[in-house]
Amino acid sequence: MFQRLRSLFLVLTRRRDFEDGMSEELRFHIEQYTEDLVRSGMSREKAARVIRAELGSPINIKADCREAFGVHFFDEFLRQLRYAVRLLRKTPAFTATALLTLAVCLGANLTIFAVIDSVLLRPLSFPQPDRLMTIFNTYPKAGVDRDGSSLTNYYERRNRIPAFASLSIYSYGTEIVGEPGSTERLQTMRVSPDFFSTLGLGPAIGRTFTDEETTSETDHVAILSDAFWRQRYNADPNVLGKQIRVNSVPRKVIGVLPPSFRFLSSDARVFLPLASRPEDRLPSRRHSGGNVIQMIARLQPDAALAQAQSQLDAQNAALEVDDPQAKMIADAGFRSLVVPLRADHVAAVRPTLLLLEAGVLVLLLIGAVNLVNLLLIRASARAKELAVRQALGAGWRYLVSEVLVETTLLTFAGGLLGLAVGAAGIQLLRSLGADRLPLGTRIVFDARLAIVALVAAIVLGIVFALPIAGFHLRRHLGNALHSESRGGTSGRGAQILRHTFIVSQIALAFILLAGAGLLGLSLQRVLAVSPGFQSDHVLTGQILLPWADYPEAGRLKFVQNLMDNLDHLPGVLSAGIVNNVPFSGNIGKSAATVAGHVRRPGESARGHYSYGVAGDYFRAMGFSLRAGRFLTADDSLRSSRVCVVDEDFARYYWPHSSAIGQALWDGSEGGKDDEAFTVVGVVGGVKQAGLTENEAQGAIYYPYAFRLGDSIFVAVRTSQSPESFAITLQKVVRQIDPDVPVSDLRSMDTRISDSLVARRSPALLAGLFSGIALLLTSIGTYGVLSYAVAQRRREIAVRIALGAQPGQIRVQFLSLSLRLLVAGTLLGLLGAWQAGRAMRSLLFQVPPLNLAVLATAACLTTLVCLATCLLPSQRAAQISPMEALAEQ
Amino acid sequence: MHNAAALLPGTLDMLILKAVSLKPLHGYGVLLRIRQISNAALEIPQGSLYPALYRLEHHGLITAEWGQSENNRRAKFYTLTAAGRRRLRAETAGWNRLASAIAAALNATSEEV
């Protein structure tokens, strides 16, 4: 097989040599034979006759020789290709429309497929990635769906769940890396020693962490990412043993990861051991995950997910037996779930991506139907020519291959253009924030995608060829020769087919429009939701205070300094500190104990957003005060045990009395009387996770002194535009400590707007798709109607000659298009209803069947279709009987 | 020539391989060689000769190379390849089996039945 392909290839590349050689060989044969015959006494003329009789025609021999090499297929193909090019060039309007349609439809599909491919399809770059699982604790009845895993979970489960070959934990973080004066803030990961072996991909140079390196006294080691190693150490092969300062603590480099190492969407540059103290691993800390530490595991080769889940459930049940909190935990609906790692990572975006894929496929379908329709019209224009050729003996194989070559040439060229559109589309998606999707940075336009697109284009060409070839072959030749000529009428079947296509196009475009409308309306409804604070004129930024440089007192001092410096700046109305600003992406909740609150049977502990605030945070953010007072700068200074709760919290625990003066404890275990916090104020509820968050779980605001996290957000209300204050804010922080950078500097408005990317981009894309769909539909309708008018030119002329008014003719064609429109819209309504139901999970406060959306979609489709029908109808009405009847 | 036997289908390829196996030959030479080794008892359809040569070349059983003919003209010479040699051996064996089987069948007498 290979030998034959090679020899065919050699011949094709040296085609001229092949032909010349063949002629020369035959000439040689004839001359030699002639000489031999003449030598044996025959006359030259006789010899020529004899040879001619014995050898046959050289032309036939050559044709047979070409066939022996399979070259003739290629010749045939080239001939048909040239013919197809000639035909397409004769109808530039059709060709341009077809190419543009294909380019847009294939390009749009390529773009969305690129995203689907990288996010949903392409496996993670670890060995046997489908064996990788993630495990997280969930307390659904406490309003905490996802709480990560605790250190205790890790140490209790390690090597004790037989279905897992390996189990490890990690947490994401950002740390300040580098020598004083040249520090940068980098993404980091803290991982347990077996993290890399769980993934199956460890350091390219050096070693992984050991169990001995998991205490805070011994964890002074680090593993670098390949990118960081190249950028900071110039790929120095002797990097092992060198020192790297992380959060001012010197650590020894013990390994460098391979270039292909990339854990999910993380861009971590430095990996550190996930160190902990023995007391953090005690059973009492089992449920203190807080969504900070995540667990992954690799299934044994022969184990199933269900097996792992039941082993985990069994272990959890056994461990809870002697847990004093067992009752509360059970009431909260606690479970530890095993979920495939990749599916879990992309679960949030999966429905949106699938919806977009469906939308773009509908677009392709509309484009394809459109093209088939245009091709059919073209085919009927050529029906007579082909019938004549068939009558003259052209075989069906030849006709089919001719049609096939033409349609495939068209779709292939469209596919090439589609590659360009797709590349631009991927660029557009990036600007819409596609690389912020999980695994979104992997979205690339590569040879693989290009091949998929071109293969799809060829398949499309073959699909297009089928109805066209069928149209030519199924026709009775005699009928074909007569129909659509002077004496004939148009083929009834072909006309019905054309109209069916138009109806389905209108229906599909309607579905797309309605879908886009639902998404747009959802977006509008989401935008109308109040975040619970005044988001304008607030600049926020994150500051990381390393423990080594900033122990407890140092932190408070830093915060105090920062507040003092900011307060005196012109343009600052108020400034505050919080350890977790709304829309930061951190949605961890924690428990609180309310004095005097006895849980009703079946009622579980609740997780609340718990904040530590300093300065004038509430005024800076524009919170509304419902009762009592805000926490002031003095509260955080004096470390007085006071707190503020939000209205949801107050309503839940004290539905009939005032919250002010009530006592509560941080944590689920209560505490001594002098550790209780007194509620001094009630503020309005605030959206933490996003505008669409609808669970009002309640929030507690403690003075920062009691919630000293190492990450803080500074919030500044400015009189000018908040963005312009960013540089000043950075300068102020640098004045206090040059090695503490401010990162993630965004205004609250920007944070809210960024949180809507997952809604805005799909709505935008769906809008774009439905716009294109409408355009395609109008092109299709225009084409079919123009054709109908052209075909019935003579009939119309006769009617006008007999006294029909131009208005009657116009109405006739307009009513035809109106009938198609009504049928298409009714069908579309049905489809839109189904589509709305399918996308219900993506809608926000919009029912799947929204009248306003449907009415708008119907109006738009009607307007566009009627507008495109006006021109051909008008043309029909203006046909001059004299000219039309004189033709042919 | 009038008493030359017509070729059985499929035997031309075999004869060409045999002719070329003795010595590299050009197309006309193949024709002459087959006539010579068959004592002019076989009628070679000349029109099929070249397509057969091209087919064998395409299948890698023979290779072609341009060279000088006996009277110093440019001619294309065919040589047997290793694959061609294997094929010739197999076809020869197959032919011999077939021929002897048919001969045995045709020579059967009434006593042997």
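Here, each number is a calculation from the coordinates, and none is a lab measurement. Just so you know, these numbers come straight off a predicted model, no measurement behind them. Backbone-built Cβ (ideal geometry, glycine too); neighbour counts: all protein chains shown.
With 21 Å as the cut-off, how large is the P(r) tail for segment A:340-478, expressed as percent of Cα-Cα pairs?
Working: 5352 of 9591 pairs.
So the pairs more than 21 Å apart make up 56 percent of the total in segment A:340-478.
With the cut-off at 1.5 for a/c, could you classify segment A:611-681 from its C-alpha gyration tensor as rounded, prolate or oblate? Because a/c hits 1.5 or more and a/b fails to exceed b/c, segment A:611-681 counts as oblate. Computed from Cα positions, the angle between helix A:2-13 and the longest principal axis of chain A comes to roughly 70 degrees. Taking the Cα atoms of chain B, the ratio Rg/Rh between the radius of gyration and the Kirkwood radius comes to 1.07. Distance between the pseudo-spin-label points of B:Thr63 and A:Gln730 (7 Å out from Cα toward the beta carbon): 6.9 nm. The stretch between A:Arg626 and A:Tyr83 holds 187.4 nm of extra length on full extension. This uses 0.36 nm per residue minus the Cα-Cα distance. On a 0 to 90 degree scale, rounded to 10, what angle separates helix A:757-791 from the longest Cα axis of chain A? Once rounded, the angle reads 20 degrees.
Could you work out the local net charge near A:Leu523, counting Lys and Arg as +1, Asp and Glu as -1, over the other residues with Cβ closer than 9 Å to its Cβ?
Details: positive: A:Arg525, A:Arg759, A:Arg760; negative: none.
Once all neighbours under 9 Å are counted, the net charge is +3.
What is the projected area of the convex hull of the Cα atoms of segment A:145-331, averaged over all directions, in nm²?
Working: hull surface 47.0 nm².
The orientation-averaged projected area of the Cα hull of segment A:145-331 comes to 11.8 nm².
From a point 7 Å beyond the Cα of A:Gln495 in the direction of its Cβ, which residues of segment A:771-811 have a backbone N at a distance under 14 Å? In segment A:771-811, the label zone of A:Gln495 (backbone N under 14 Å from the point 7 Å along Cα→Cβ) covers A:785-796.
Over every pair of different alpha-carbon atoms in segment A:591-745, take the mean of 1/r and invert it; report that Kirkwood radius in Å. Walk me through the intermediate numbers first.
Numbers: mean 1/r = 0.0587 Å⁻¹.
So the Kirkwood estimate lands at 17.0 Å.
What whole number of Å gives the distance from the Cα centroid of segment A:618-633 to the Cα centroid of segment B:8-63? Using only Cα atoms to place each centre, the spacing works out to 103 Å.
Quick one: in segment A:726-808, what % of C-alpha pairs are over 23 Å apart?
Numbers: 2200 of 3403 pairs.
In whole percent, the share of Cα-Cα pairs in segment A:726-808 beyond 23 Å is 65.
By the count of neighbouring beta-carbon atoms within 10 Å, fewest first, A:Lys242, A:Lys90 end up ordered A:Lys90, A:Lys242.
Distance between the pseudo-spin-label points of A:Val452 and B:Ala83 (7 Å out from Cα toward the beta carbon): 3.7 nm.
Suppose the chain between A:Asp75 and A:Ser640 were pulled fully straight at 0.36 nm per residue; how much longer would it get relative to their current alpha carbon spacing?
On the way: separation 565, 0.36 × 565 = 203.40 nm, distance 9.23 nm.
Fully extending the segment from A:Asp75 to A:Ser640 adds 194.2 nm.
Could you work out the relative contact order of chain B, using alpha carbon pairs under 8 angstrom and six or more residues apart, expressed as a whole percent? Walk me through the intermediate numbers first.
On the way: 116 pairs, mean separation 31.1, N = 113.
So the answer I get is 28 percent.
When only Cα pairs below 8 angstrom with a gap of at least 6 residues are kept, chain A shows a relative contact order of 15 percent. Which aspartates and glutamates does B:Lys18 reach when only Cα atoms under 20 Å apart count, and residues fewer than 8 places away in its own chain are ignored? Output for B:Lys18: B:Glu43, B:Glu57, B:Glu65, B:Glu91. Between the Cα long axis of helix B:27-37 and the first principal axis of chain B there is an angle of about 30°, rounded to the nearest 10.
I want the antiparallel fraction of DSSP beta bridges within segment A:538-719, as a percent rounded to 5. Each step should come with its number before you reach the end.
Values: 27 of 37 bridges.
Antiparallel: roughly 75 percent of the beta bridges in segment A:538-719.
Rank the residues A:Met882, A:Met839 as a footprinting-exposure proxy: fewest other Cβ atoms within 10 Å of their Cβ go first. Provide the component values of the computation, followed by the final result.
Working: A:Met882 10, A:Met839 23.
Fewest-to-most Cβ neighbours within 10 Å comes out as A:Met882, A:Met839.
Projecting label points 7 angstrom from Cα along Cα→Cβ for A:Ser719 and A:Asp754 puts them 2.8 nm apart. Put the Cα centre of segment A:639-684 next to the Cα centre of segment A:595-616 and the gap is 8 Å. Remark: C-alpha extents of segment A:2-69 on the principal axes read 48, 18, 16 Å, sorted largest to smallest.
Centre-to-centre, using Cα atoms only, segment A:404-473 and segment A:65-95 are separated by 23 Å. Here's the picture: a label point sits 7 Å out from the Cα of A:Val798 along the beta-carbon direction, and within segment A:852-888 the residues with their amide nitrogen under 19 Å of it are A:876-888. Across segment A:538-719, Cα pairs under 8 Å and at least six residues apart give a relative contact order of 38 percent. Starting from the Cα gyration tensor of segment A:760-819, take the square roots of the eigenvalues, sort them a ≥ b ≥ c, and report rounded, prolate or oblate (rounded when a/c is under 1.5, otherwise prolate if a/b is larger than b/c, else oblate). In terms of gyration-tensor shape, prolate. Residue separation of A:Lys252 and A:Thr13 scaled by 0.36 nm, minus their Cα-Cα distance, works out to 80.0 nm of gained length. Here the Gaussian network model covers chain B, with springs between Cα atoms less than 10 Å apart; of B:Asn39, B:Asn96, B:Asn71, B:Asn71 fluctuates the most. Is the shape of segment A:509-627 best called rounded, prolate or oblate, per the rule: a/c under 1.5 gives rounded, else a/b larger than b/c gives prolate, else oblate, with a ≥ b ≥ c the square roots of the Cα gyration tensor eigenvalues? Oblate, since a/c reaches 1.5 and b/c is not below a/b.
So what's the convex hull volume per residue for the Cα atoms of segment A:1-152, in Å³? Each step should come with its number before you reach the end.
On the way: hull volume 37.0 nm³, N = 152.
Spelled out: Cα convex hull of segment A:1-152, divided by residues, is 244 Å³.
Antiparallel beta bridges, as assigned by DSSP with both residues in chain A, represent about 80 percent of the total such bridges. The Rg/Rh ratio of segment A:281-361, with both radii computed over alpha carbons and Rh defined as the Kirkwood radius, is 1.10.
To check you understand DSSP bridge types, tell me what percent of the beta bridges within segment B:6-99 (both residues inside) are antiparallel, rounded to 5. Working shown, then result.
Values: 9 of 10 bridges.
If we restrict to bridges inside segment B:6-99, about 90 percent are antiparallel.
Only helices enter the 222 nm calculation for the protein assembly as shown: every DSSP H run of n ≥ 4 contributes -39,500 (n - 2.57), and dividing by all residues gives -17500 deg cm²/dmol, rounded to 500.
Stokes-Einstein D for segment A:220-317 at 25 °C, 0.890 mPa s, Kirkwood Rh over Cα pairs, in µm²/s? Before the final figure, lay out each step's value.
Numbers: Rh = 16.7 Å.
Stokes-Einstein gives a translational diffusion coefficient of 147 µm²/s.
For chain A, the Kirkwood hydrodynamic radius comes to 33.6 Å, computed from all pairs of different C-alpha atoms.
Calculate, for B:Asn72 and A:Arg474, the FRET efficiency according to 1/(1 + (r/R0)^6) with r their C-beta to C-beta distance and R0 51 Å; round to the nearest 0.05.
Values: r = 62 Å, r/R0 = 1.23.
Plugging the Cβ-Cβ distance into 1/(1 + (r/R0)^6) gives 0.25.
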